Amino acid sequence: MSPLPGAELIRTPVQLYRYLLRCCKLLPSAAMQKHYRHAVRQSFNSHADEDDPERIRMIFQRAISDADWILDKYTKKK
């Protein structure tokens, strides 16, 4: 299950970046949103030099699954 519709359509780093920032907007508090936006930016900066297509695909998959897990963790109704 993806946190937002359209995750399966992500093909470029810019699409992934925008998708993850939209996921951040769904978090309940402003502090959490700020924290995860910063984490997304830092992660993109640290992987900016990746050029192996397989590694990039793995990073995309992991980023989407991590976003799903975080949203499930913080937005579940109790």
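What FRET efficiency, computed as 1/(1 + (r/R0)^6) with R0 = 22 Å and r the Cβ-Cβ distance, is obtained for HIS38 and GLU8, rounded to the nearest 0.05?
Details: r = 26 Å, r/R0 = 1.20.
Rounded to the nearest 0.05, the efficiency is 0.25.
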Label-point separation (nm) for ALA31 and ASP72, each offset 7 Å from Cα along Cα-to-Cβ?
2.6
Just the number, please: carbon plus sulfur as a percent of the accessible area of the chain, 1.4 Å probe, no ligands or DNA/RNA counted.
56
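Any chance you could count the Lys pairs in the chain whose alpha carbons are under 18 Å apart, treating pairs 8 or more apart or on different chains as valid? Before the final figure, lay out the partial values.
On the way: LYS25/LYS34; LYS25/LYS73; LYS25/LYS76; LYS25/LYS77; LYS34/LYS73.
The result is 5.
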Modelled FRET efficiency - R0 25 Å, ARG22 with GLU50, Cβ distances, 0.05 increments:
0.65
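When ligands, DNA and RNA are left out and all protein chains stay put, how many square angstrom of accessible area per residue does the chain have with a 1.4 Å probe? Provide the component values of the computation, followed by the final result.
On the way: 5900 Å² over 78 residues.
Ligands and nucleic acids excluded, the figure is 76 Å² per residue.
The values are calculated or read from the model by the stated rules, or taken from the named source; none is laboratory data. The structure presented is a predicted model; accordingly, all values stated were derived computationally and were not measured. Glycine also receives a Cβ, built like all others from the backbone with ideal geometry; neighbour counts cover every protein chain displayed. Only protein heavy atoms, including side chains, enter the accessible area calculation; ligands, DNA and RNA are left aside. Shrake-Rupley method; radii C 1.70, N 1.55, O 1.52, S 1.80 Å.
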